[in-house]
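Notes follow once the structure below has been shown.
Just so it is clear, none of the values below were taken in a lab; they were calculated from the coordinates. Small disclaimer: the values here were computed from a predicted structure and weren't measured. Note that we place each Cβ from the backbone using ideal geometry, even for glycine, and neighbour counts take in every protein chain shown.
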Amino acid sequence: MEDFKEAAKKAGKIILRTVTTLLFPIIVIICIILVLVSAFVYFITIDDGTYKEDDWSNVPYGASAFSNETTISSDGSISTSMTPQELWDKLIENGSSVADYLDSPEELAKLVKAEMITKYPDTRPNPDEDINWDDVINGDSIQGIIKFKRADTDGNKSTMTYVDPATFQGYIDEYNSTGSEEAKQAALSHFTLRQTAASTSSGNGGAIAAGDGVMTDVSQAIIDATNNTPWPGAQWCARWVNDVYDNAGVGACRHVSAYESYKHHCISTDMSAIPIGASVYGTGSGQSGPYGHIGIYIGGRSGNR
């Protein structure tokens, strides 16, 4: 009986060793295949998610084109020249893989709207009212959530409201010609949007607040701060710009370099529509190297060191 048990153990070991020897290469091959497939899917996903200028098979470009082709009516409602279905059809027509990970144009529209919500100001006549999110998410309306606040001389804060560019410019013109306090307060309590050219490097563009030559109390505070903020020294342009914004009471978003700031915050490459007080960037060419350069536009020339 003992001999039988010993023989069974030996046979079991031999069988296990044989099976392991035969299965090990197969397991290794399966693991290699899984790794290759995972890597392939990963790189395809990364490639598809990378913005590619003028490529209608590229979903980020299509989404950017959709969000940039907007118009804002005099009552502040935002609309696009293309429907979600038309965007979906154009992507599919150009070989996009959008249908591999989204089920419908409605899902694509929700993703695009999620970006537009944080990209556009709240242009409703009363921006302090609650937003009907169900209508925005599931309906045809488009909504921005950025709000501009200002404080009067007594420290009372209010939300600025949207007016069309012609009306806003009318406030400026009336104040410049008559010195009307009413026109001045109207300009300070409203904002407008003007269309800019789309960026050729980041896909950004569309509408931006105010525009070149428009002076507000915030703009003036920034200009005053450029004259009162000490220069920290060579190669510290980004620090100086952020210090200026801090001193102007605007607040700053600090990054390790001017180039990093450009990547996070650049909204337009249209040099004809730079709001006074806006940051202007050099993206790393010439002597600035890979870190770039940054200054502040003060009207006619940039306030940088």
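Can you sort M160, M116, M82 from fewest to most other Cβ atoms within 10 Å of each residue's own Cβ?
By the 10 Å Cβ count, ascending: M82, M160, M116.
Give me S96, S64 ranked fewest to most by other Cβ atoms within 10 Å of their Cβ, as a rough exposure proxy. Present the calculation step by step, with values, prior to reporting the outcome.
On the way: S96 19, S64 22.
Ranking S96, S64 by Cβ neighbours within 10 Å, fewest first, gives S96, S64.
Taking the Cβ of each residue in D224, D103 as the centre, tally the other Cβ atoms inside 10 Å and list the residues starting with the fewest. Please list the in-between numbers first.
Working: D224 13, D103 8.
Taking fewest neighbouring Cβ atoms as first place, the list is D103, D224.
Here are some pairs, K119/K263; K119/K157; K90/K147; K119/K149; K184/K263; which of them have Cα atoms lying more than 27 Å apart in this structure? Write out the running numbers ahead of the final one.
Details: K119/K263 15 Å; K119/K157 23 Å; K90/K147 33 Å; K119/K149 17 Å; K184/K263 35 Å.
Violating the 27 Å limit, Cα to Cα: K90/K147; K184/K263.
Check each of the GluC sites (Glu not before Pro) in the range 103-149 and keep only those in coil by DSSP with at most 10 other C-beta atoms within 10 angstrom; list them in order.
Values: sites: E106, E107, E115, E129; in loops: E129.
Listed in order of number, the matching sites are E129.
What length, rounded to one decimal in nm, is gained on full extension from K110 through to K147, with 0.36 nm per residue of separation minus their alpha-carbon distance? Walk me through the numbers on the way to the answer.
On the way: separation 37, 0.36 × 37 = 13.32 nm, distance 2.15 nm.
Length gained, K110 through K147: 11.2 nm.
Could you give the Stokes-Einstein D for the range 59-138 in µm² per second, using the C-alpha Kirkwood radius, 20 °C, 1.002 mPa s?
For these conditions, the coefficient is 157 µm²/s.
Could I have the simple spin-label model distance between L34 and T118, label points 7 Å from Cα toward Cβ, reported in nm to one decimal?
3.5
Please identify the chymotrypsin sites (Phe, Trp or Tyr not before Pro) of the range 85-150 that satisfy two criteria: DSSP loop assignment and at most 16 other Cβ atoms within 10 Å. Which are they?
Working: sites: W88, Y101, W133, F148; in loops: Y101, F148.
Those that pass, being in a loop and sparsely packed, are Y101.
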